[in-house]
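Q: Just dropping this structure here.
The values are calculated or read from the model by the stated rules, or taken from the named source; none is laboratory data. These numbers were taken from a predicted model, which means no experiment stands behind them. In this analysis, Cβ positions are derived from the backbone assuming ideal geometry, glycine residues included, and neighbour counts consider all displayed protein chains.
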6 protein chains.
Amino acid sequence: MFRHEKNFLYPVKVSGPDPAFAAMLVEQHGGPNGELSACTQYLNQAVGCKDQMIKDLLLDIGTEELNHLELLSEAIKLLLGDPTINSINQAPTLELAGGGGAMYVNSSGNNWTAGFVSSVGDVVANLHSDVAAELKAKAVYQRLHQRAIDPGVKDLIDFLISREEAHAQLFMRALEKVQNQGVMQDFGDKLYANQYLDFSTGETNQTPGVWNMQPGNIPVAPPSH
Amino acid sequence: MFRHEKNFLYPVKVSGPDPAFAAMLVEQHGGPNGELSACTQYLNQAVGCKDQMIKDLLLDIGTEELNHLELLSEAIKLLLGDPTINSINQAPTLELAGGGGAMYVNSSGNNWTAGFVSSVGDVVANLHSDVAAELKAKAVYQRLHQRAIDPGVKDLIDFLISREEAHAQLFMRALEKVQNQGVMQDFGDKLYANQYLDFSTGETNQTPGVWNMQPGNIPVAPPSH
Amino acid sequence: MFRHEKNFLYPVKVSGPDPAFAAMLVEQHGGPNGELSACTQYLNQAVGCKDQMIKDLLLDIGTEELNHLELLSEAIKLLLGDPTINSINQAPTLELAGGGGAMYVNSSGNNWTAGFVSSVGDVVANLHSDVAAELKAKAVYQRLHQRAIDPGVKDLIDFLISREEAHAQLFMRALEKVQNQGVMQDFGDKLYANQYLDFSTGETNQTPGVWNMQPGNIPVAPPSH
Amino acid sequence: MFRHEKNFLYPVKVSGPDPAFAAMLVEQHGGPNGELSACTQYLNQAVGCKDQMIKDLLLDIGTEELNHLELLSEAIKLLLGDPTINSINQAPTLELAGGGGAMYVNSSGNNWTAGFVSSVGDVVANLHSDVAAELKAKAVYQRLHQRAIDPGVKDLIDFLISREEAHAQLFMRALEKVQNQGVMQDFGDKLYANQYLDFSTGETNQTPGVWNMQPGNIPVAPPSH
Amino acid sequence: MFRHEKNFLYPVKVSGPDPAFAAMLVEQHGGPNGELSACTQYLNQAVGCKDQMIKDLLLDIGTEELNHLELLSEAIKLLLGDPTINSINQAPTLELAGGGGAMYVNSSGNNWTAGFVSSVGDVVANLHSDVAAELKAKAVYQRLHQRAIDPGVKDLIDFLISREEAHAQLFMRALEKVQNQGVMQDFGDKLYANQYLDFSTGETNQTPGVWNMQPGNIPVAPPSH
Amino acid sequence: MFRHEKNFLYPVKVSGPDPAFAAMLVEQHGGPNGELSACTQYLNQAVGCKDQMIKDLLLDIGTEELNHLELLSEAIKLLLGDPTINSINQAPTLELAGGGGAMYVNSSGNNWTAGFVSSVGDVVANLHSDVAAELKAKAVYQRLHQRAIDPGVKDLIDFLISREEAHAQLFMRALEKVQNQGVMQDFGDKLYANQYLDFSTGETNQTPGVWNMQPGNIPVAPPSH
């Protein structure tokens, strides 16, 4: 059961309206690698998780992402300013349809869809998706940080980057705990599970990668039937 | 800021697996009139709400809907049972892709989309959408209640129906408080704002509706330019 | 059965191309609160409506919205101008993919989806959605009106705002006629249907809203199971 | 400008509820090749069409497809029956969310999207899409006709198949009128515009097709850069 | 079975970054009329095609479109430049979420969807869709060609236009081969299959089109039931 | 540049039609964790990859997934049988709209969308997504394997599971090569990047997880602003 406190997890300080940046920041509000994706993914995975420690972890991080979403909503609202004054149309959909509020859309105004949520009911596959989700989120936040000018917004993004790193580490440790479970059972124990099939030919292929050097993993020509 | 307690708002009691009903109940988990729609809509509206009382109301009800979502997630998981045992394929996507967990999809397996969220930054328009959302949710829950057999599930749906009613009433009262604000300003003060244009002809049109009886609202033939 | 006349419901006068405004106006052509949403919603609700007066109302207004859609299509085409001349790329998708015609997209170029249509087969829930739809449409049109410069376009939007008001009033009167039907039956007759559950704590909560003052509706702490 | 008459273009006679067939017939109501796609496509193309004869044709056929949509809506409603009685769940989303009415979805319950509409502002490309649309619609209707049992429904589908044929013929004739316009200008006047690049090798390639026999169209190996 | 060579079908030469043009060119990468649509459509149709010559054609052209997609991916990447340097935000989503790579989106940043694929399992209907697809693609490429400045990009688009023309011709010839098959069987052999129903009245209708002049095709008033 | 050979990577043997299983197997054809997702993801990532070895790996595996897609397309077509004979409607959309061919949809008939593709232009974040993609695919294939009866189909799925394992291993090794690049730079070097914020309280939280035991990672109460 969730409860809500009327405080924020981190200060949301915005110097003044900047609708153009609001239209970019919304990428992490409703985009594929954003906070709505993160909180729905972890909270959904938590429901079916049989490992109580990992369930607890998913609930803690999922709840934190919900709080990140709240921080971004507030920041975007402040960056949009009053759409009846700042009618300079740098964020048309957020101004016209959102009326100056954050929408669950990405920086192109695409609606968020549950197609962004990775939750397949296998603890190892889920945790790998979660590590990936945190690192993707960090990558996008770094690009936003690079473009941000307002010091309060820059500081908020910096906080969020750090938290994505913290979460990534936690999910990596959780993976260690369950590394032989679920899809990792009976992993790599058949012939085809260890072959490198070489489908692409030409220049960049000349120096084989380290993965090609493993015993039993010599590149082979694809069979043909 | 949200916090999470590891208790439920209401008991989730399921007698045994019933994947076919799980596949129906998911309509209110990730369908257009379901709990994910409700909580994201109210929490989003709250961010930009300038009326502090209504902001509080939106946060209270938005948080409760998040808790309803949690109840449904748990119920659906229990109804699906273990997909490695109950492989009778009455809920194929929930079994194959969800691995036995609730997904953010409707009863046809469609992904939830933020296109379901009504939040246009106007307090009156938003509250009307919220009343509608609660009544639509009630309508769908009633159809699920009619089809439910498991007594625990039936009781849970009954609780949720009552809560939708409570929320609908609260939103109606909130509307009374703001009835002349926002889009209701300069409402109906022009000629075209009071005309009934009669575009459809034939049998069902013969008895004019009560709305046609208002002064200034006599059906007129549509103009043509 | 529909018939088409080669006249418009209202004059469509555009002084000259303004692709940037075309890209905004398309919000009401194919956006969630736009004319395609309105006409499909009302015409769909009409099919199953058992109240003949309200069915007539839905057909009249649904047909009118279809005519609004036609007006916007024409206005957007004129505002886009000839994409082979005005290749200044202020409305890229409408120019490249639409070839200078209105598409069923919102101001971010998102495709319209039937997920925007509220029609749940209950006359009261439907009519509340319809009131909300008209008010949301008015809110968006007002923001467009504020940004419009071309006098003919401004006048057209003014007409459309008035018509949304007329429709909102008509739907409100229709609601009065059916106020105890459908989902309003057995409404609020259980304990949980009248409780105010207080999930959010902190500053904005200090002055309780009017809705909290009703007998039987004293805020209670959420139960926990 | 559209007007509506409260009669149908063709009789809608349904012997009794058959929700399972309703769930299939909805494919042509809100599926990619269905009536909503057809009417929105033709009416949208009409707006920008500079050839007045073809504009007239698009308006006539677009309006007819709107009437086909109305016929299907009525038929589906009758086939669904009363969802409070026929709660046998053969059409779950139409029953739960639609309340017994036709939704703008396909036979899998997917929402219709404007991504189904082909309208690129070129009269020749558009008309080819329209011929294709009619033939695809016929193909799907034929499969529905094969599965239909109710004589009234079977007769209605038969009528709709005939009309798709009529429309396909009309669009083909319209194409003859404009065959050298738009994208057909400067067509095939360069080297690469007449080469057959042979990318796929193996068994089925041994007998060259008739298209390979044209002068200047001898299959050549793809270049490589 | 596909194999990949590390060469391109055509040279991809880009003088320097131009993110604004990248954001337009992506229309043909992930837009409805673009290369991902084309290759998935033809390869999908090939699977079920019983005519071995046409199956071969679909595989050849489908594979070529896959190669066009690769050319566009490379060109868009080069046009975007390094998003850590060119942070001028002319292509926000491609920079923020794509990190400087082509995404499967259109020029408004909308995700590609399989709703763009026309493949209904009927050889004639499919081939008409394919002719339409090529002509629509040409129309969009022409508008991009008109807006392109970089000579290498302009030349690449010119090549792609020529290839769309080549494919359009090939599909037209393939249609000749199968013209009486599939949906064309029992085509136009009933009364309703040859009537022109005149639903739209008014000015543009005064000069009847050539299609109205055919015997048996005299415009008739729509029936009414 | 891709070329196509008219042989398969693996034998596709199907004993006879089984439309119900076809409707499940399509989950890996056009579902989020399926082969279209995999091939588009890896081929897209390859374009911008600056590490030539990893680029080669992505091209090899991306091309193989394209071949897996082809195997599934063929298998699904054979499982569907002839929709004019097997009109038993166990796979309605595949029969009605697909005409007996595999569509790019999941087991609920949802269209594939590019929202399923994870490619953010960072080599480490991308490779983590790729490991996750392979493990998720394996999880879904295992559930299909469990439900498959036809020995040829079961054998094909077994092959595909092995290949997902091979790919997962290869991506894991590739990750080792680049482990300190991209988003992993400046990773975990700030205070907030190492804190465990404890947002959820109650029963399952009592035994702290191993991740809580790290120095500097003691659970702390979330701050509040």
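Q: I want to confirm something. Restricting to the stretch D:108-158 and keeping residues that are β-branched (Val, Ile, Thr) and in a helix (DSSP H, G or I), which single residue is nearest to residue D:80 (Cα to Cα)? Lay out the reasoning, then the answer.
A: In the first step, residues of the stretch D:108-158 are kept if they are β-branched (Val, Ile, Thr); the result is D:113, D:117, D:120, D:123-124, D:131, D:140, D:149, D:153, D:157.
Applying the additional criterion that residues be in a helix (DSSP H, G or I) yields D:123-124, D:131, D:140, D:153, D:157.
Working: D:123: 40, D:124: 40, D:131: 32, D:140: 20, D:153: 13, D:157: 17 Å.
Result: D:153.
Q: Is it the case that the stretch A:85-92 has a residue that's aliphatic (A, V, I, L, M) and assigned to a helix (DSSP H, G or I)? Reasoning before the result, please.
A: Keep residues of the stretch A:85-92 that are aliphatic (A, V, I, L, M), which gives A:85, A:88, A:91.
Now drop any that are not assigned to a helix (DSSP H, G or I), which leaves none.
No, the stretch A:85-92 contains no residue that is aliphatic (A, V, I, L, M) and assigned to a helix (DSSP H, G or I).
Q: Being crowded, with 24+ Cβ neighbours inside 10 Å, under 18 Å from the mean Cα position of the chain (by Cα), hydrophobic (A, V, I, L, M, F, W, C) and facing another protein chain (nearest Cβ under 9 Å): is that true of residue B:135 here? Don't jump to the end; show me each part of the working.
A: Details: crowded, with 24+ Cβ neighbours inside 10 Å: yes; under 18 Å from the mean Cα position of the chain (by Cα): yes; hydrophobic (A, V, I, L, M, F, W, C): yes; facing another protein chain (nearest Cβ under 9 Å): yes.
Spelling it out, residue B:135 is indeed crowded, with 24+ Cβ neighbours inside 10 Å, under 18 Å from the mean Cα position of the chain (by Cα), hydrophobic (A, V, I, L, M, F, W, C) and facing another protein chain (nearest Cβ under 9 Å).
Q: Turning to a different aspect of this structure: Cβ-Cβ below 9 Å, separation at least six or inter-chain, first residue in the stretch F:23-35 and not assigned by TED's automatic domain parsing to the domain that holds residue F:103, second surrounded by 24 or more Cβ atoms within 10 Å (Cβ to Cβ) and assigned to a helix (DSSP H, G or I): which pairs?
A: Listed pairs, sorted by first residue: none to list.
Q: Output yes when any residue across the stretch B:70-81 is on the phi > 0 side of the Ramachandran plot and in the same structural domain as residue B:96 (by TED's automatic domain parsing), and no when none is.
A: The first filter runs over the stretch B:70-81 and keeps only residues on the phi > 0 side of the Ramachandran plot, leaving B:81.
Now narrow it down to the ones that are in the same structural domain as residue B:96 (by TED's automatic domain parsing): B:81.
Looking through the stretch B:70-81, at least one residue is on the phi > 0 side of the Ramachandran plot and in the same structural domain as residue B:96 (by TED's automatic domain parsing).
Q: Something else about it: Looking at the stretch F:7-19 only, could you name the residues that are charged (D, E, K, R) and surrounded by fewer than 17 Cβ atoms within 10 Å (Cβ to Cβ)?
A: F:13
Q: Given the conditions (1) part of a loop (DSSP other than H, G, I, E, B); (2) modelled with pLDDT of 95 or more; (3) in contact with an Asp or Glu (Cβ under 6 Å, 6 or more places away or on another chain), which single one is not true for residue E:38?
A: Of (1) part of a loop (DSSP other than H, G, I, E, B); (2) modelled with pLDDT of 95 or more; (3) in contact with an Asp or Glu (Cβ under 6 Å, 6 or more places away or on another chain), only one is false for residue E:38: (1).
Q: State which residue is nearest to the other protein chains (Cβ to nearest Cβ) when the search covers only the stretch B:31-64 and only residues that are among the charged types (D, E, K, R) and either under 10 Å from the mean Cα position of the chain (by Cα) or surrounded by fewer than 24 Cβ atoms within 10 Å (Cβ to Cβ) (or both).
A: Just the residues of the stretch B:31-64 that are among the charged types (D, E, K, R), to begin with: B:35, B:50-51, B:55-56, B:60, B:64.
Next, only the ones that are either under 10 Å from the mean Cα position of the chain (by Cα) or surrounded by fewer than 24 Cβ atoms within 10 Å (Cβ to Cβ) (or both) stay: B:35, B:50-51, B:55.
Working: B:35: 12, B:50: 11, B:51: 9, B:55: 6 Å.
Looking at the filtered set, the residue picked out is B:55.
Q: Can you tell which of D:119, D:162 is of a type in the set (Gly, Ala, Ser) and buried (at least 24 other Cβ atoms within 10 Å of the Cβ)? Spell out how you get there, then give the answer.
A: Working: D:162 fails: buried (at least 24 other Cβ atoms within 10 Å of the Cβ).
That would be D:119, the only listed residue that is of a type in the set (Gly, Ala, Ser) and buried (at least 24 other Cβ atoms within 10 Å of the Cβ).
Q: Among the residues that make up the stretch B:73-95, is at least one of them in contact with a His (Cβ under 8 Å, 6 or more places away or on another chain), at pLDDT 95 or above and small (Gly, Ala, Ser)?
A: Going through the stretch B:73-95, the residues in contact with a His (Cβ under 8 Å, 6 or more places away or on another chain) turn out to be B:73, B:76.
If we keep only those that are at pLDDT 95 or above too, we end up with B:73, B:76.
Checking the rest, the ones that are also small (Gly, Ala, Ser) come to B:73.
Within the stretch B:73-95, one or more residues are in contact with a His (Cβ under 8 Å, 6 or more places away or on another chain), at pLDDT 95 or above and small (Gly, Ala, Ser).
Q: Taking into account only those residues within the stretch C:188-225 that are at pLDDT 70 or above and crowded, with 19+ Cβ neighbours inside 10 Å, which is farthest from residue B:11 (Cα to Cα)?
A: Among residues in the stretch C:188-225 that are at pLDDT 70 or above and crowded, with 19+ Cβ neighbours inside 10 Å, the one farthest from residue B:11 (Cα to Cα) is C:200.
Q: Given (1) more than 8 Å from every other protein chain (Cβ to nearest Cβ); (2) farther than 30 Å from residue E:67 by Cβ, where does residue D:170 come up short, assuming only one miss?
A: Single failed check for residue D:170: (1).
Q: Continuing with the same structure: Among the charged types (D, E, K, R), within 22 Å of residue E:44 (Cβ to Cβ), touching a Cys at 6+ places or on another chain (Cβ under 9 Å) and crowded, with 24+ Cβ neighbours inside 10 Å: does that describe residue F:95? Talk me through it step by step, then tell me what you get.
A: Values: among the charged types (D, E, K, R): yes; within 22 Å of residue E:44 (Cβ to Cβ): yes; touching a Cys at 6+ places or on another chain (Cβ under 9 Å): no; crowded, with 24+ Cβ neighbours inside 10 Å: yes.
So residue F:95 does not fit the description; no.
Q: Just one of B:129, B:108, B:118 is within 14 Å of chain A (Cβ to nearest Cβ), without any contact (Cβ under 8 Å) to a residue 12 or more places away in the chain and either over 30 Å from residue B:53 (Cβ atoms) or in contact with a helix residue (DSSP H, G or I) (Cβ under 8 Å, 6 or more places away or on another chain) (or both); which is it? If you could, list the steps in order and put the result at the bottom.
A: Values: B:129 fails: without any contact (Cβ under 8 Å) to a residue 12 or more places away in the chain; B:118 fails: without any contact (Cβ under 8 Å) to a residue 12 or more places away in the chain.
The conditions single out B:108.
Q: Would you tally the residues in the stretch B:132-151 being free of Cβ contacts under 8 Å to residues at least 40 places away in the same chain, aliphatic (A, V, I, L, M) and out of contact with any Leu (no Cβ under 9 Å at 6 or more places or on another chain)?
A: 1
Q: Only one of F:22, F:75 is within 14 Å of chain D (Cβ to nearest Cβ), part of a helix (DSSP H, G or I) and within 17 Å of residue F:102 (Cα to Cα). Can you tell me which? If you could, list the steps in order and put the result at the bottom.
A: Numbers: F:75 fails: within 14 Å of chain D (Cβ to nearest Cβ).
Of the residues listed, the single one that is within 14 Å of chain D (Cβ to nearest Cβ), part of a helix (DSSP H, G or I) and within 17 Å of residue F:102 (Cα to Cα) is F:22.
Q: Further question: Exactly one of (1) under 22 Å from the mean Cα position of the chain (by Cα); (2) modelled with pLDDT under 85 is unmet by residue F:164. Its number?
A: (2)
Q: Here's a follow-up. Any idea which of (1) within 27 Å of residue D:195 (Cβ to Cβ); (2) part of a helix (DSSP H, G or I) is the one residue E:11 doesn't satisfy?
A: Every listed condition holds for residue E:11 apart from (2).
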